[in-house]
Amino acid sequence: MKRYCRIFSVIVLLGALASVISGCGSGEEDRRQIIRIGHNQATDHPTNIALTAFEEYIESRLGDKYNVEVYPSELLGSQTDMVQLTQTGAIDFCVASNSILETFSENYTLFNLPYLFASAEAYHASMDDPEIVDPIFESTTKAGFETVTWIDAGTRNFYTVSAPIETPADLKGLKIRVQQSPTNVKMMSLLGGSATPMGFGEVYTALQSKVIDGAENNEMALTSNGHGDVCKYYSYDMHQMIPDILIGNCAFLNSLTDEERAVFEEGFQLINRVEREEWGKAVEAAKDKAENEQGVTFLYPDTALFQEICEPMHMEMLEQYPVLKPVYDKIQEHNAADASAGKEVLTDESAS
Ligand code: GCU
């Protein structure tokens, strides 16, 4: 009920904003169609930088018809709320973690598996491979939305307030925030910690008030979300590379003419490109700030210890969703190609 009230308030807010926007200015009514995109990152985050580039690109090509508005920082609600708003068409696009999408379509379970990708290179090659992503990205059209591009969100690792994680045994008895997905809860319990699912926006307060002992995420969470002010140990166990996903409302996408759709497709590719260019720089800067200003210690545990415990999840997922087997196998081809190219797999260097 609380969630529906929140979604309803967002819709009312959007209506009010639309009338303010169309009413201001030089007396001439702005008749352009507003395209709303919501996400949960801060304005200096690579995701927001990429979406702003999209806004500029679309308006430079189709600005007489469309007015793109990007809403950062959970202004339109949590990721789960925003996916529902996109499904109904109350907003047109949102960025959601692949983890969240698992509860909307079981196909997304695949990319949430721990240690699915053997390296960042194999991860990128897989996510750029239409044979892998298309069957998954198009699987939600009946539910009213589809994926238009993926967004790099690096590698997820454990970080804790006061107990350094060097082996899975160190997780025992600790309450660790995970994203709200059955795969993440399962992974956490296999590794021995107590999984505490909650939305991203609630994590800082939960850490500060000691409701949880730690969380797991990429390095940006330490700085952009301030988690490094509270958590002093970040351990590169490299358990997941979970992409963020830009989803679009199908009715909106289908309303575009072929020419407009081609411009939007260019724009989606631009988001992917710009975000990936920004990502490497942003992670470097985050590590530097975390280490030198927030006093976070980075640890490099033996990842094999964690990987071994999570391994049975692969087979279980394939038994539960046999339809995902061909896509899973294709990912293994990218893993093997990367290994035979002599790339280091999940080492200290690939983490830095
Ligand atoms: C990352 C990811 C977000 C996600 C968040 C989380 O920041 O980019 O999409 O919401 O992790 O842990 O919830």
Checklist entry - So which of Val211, Val203, Val178 is among the β-branched types (Val, Ile, Thr) and within 23 Å of Thr303 (Cβ to Cβ)? => result Val178
Next on the checklist: For segment 107-116: of the residues being more than 16 Å from the ligand (Cβ to nearest atom) and part of a loop (DSSP other than H, G, I, E, B), which is farthest from Arg177 (Cα to Cα)?
Outcome noted: Leu116
Item to check | Number of positions in segment 86-140 that are free of Cβ contacts under 8 Å to residues at least 40 places away in the same chain and surrounded by fewer than 18 Cβ atoms within 10 Å (Cβ to Cβ) | outcome: 5
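Every residue, every condition in (1) out of contact with any Ser or Thr (no Cβ under 6 Å at 6 or more places or on another chain); (2) within 16 Å of the ligand (Cβ to nearest atom); (3) over 29 Å from Ser181 (Cα atoms), yes or no:
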site: Tyr57; (1), (2), (3): yes, no, yes
site: Leu62; (1), (2), (3): yes, no, yes
site: Thr80; (1), (2), (3): yes, yes, no
site: Gln87; (1), (2), (3): yes, no, no
site: Ser105; (1), (2), (3): no, no, no
Item to check | Condition check for Phe298: in contact (Cβ under 8 Å) with a residue 40 or more places away in the chain, outside any helix (DSSP H, G or I) and among the aromatic types (Phe, Trp, Tyr) | outcome: yes
Checklist entry - Wholly within segment 209-295, which helices (runs of 4 or more DSSP H) include no fewer than the required count, namely at least 1 residues that are away from the ligand (no atom under 16 Å from the Cβ), at negative phi and touching a residue at least 40 places away in the same chain (Cβ under 8 Å)? => result 250-255, 258-292
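None of the figures in this text is laboratory data; all of them are computed from the coordinates on show. Every value quoted in this text rests on a predicted model; they were computed, and no experiment measured them. Methodologically, a virtual Cβ is constructed for each residue, glycine included, from the backbone with ideal geometry; neighbour enumeration extends over all protein chains shown.
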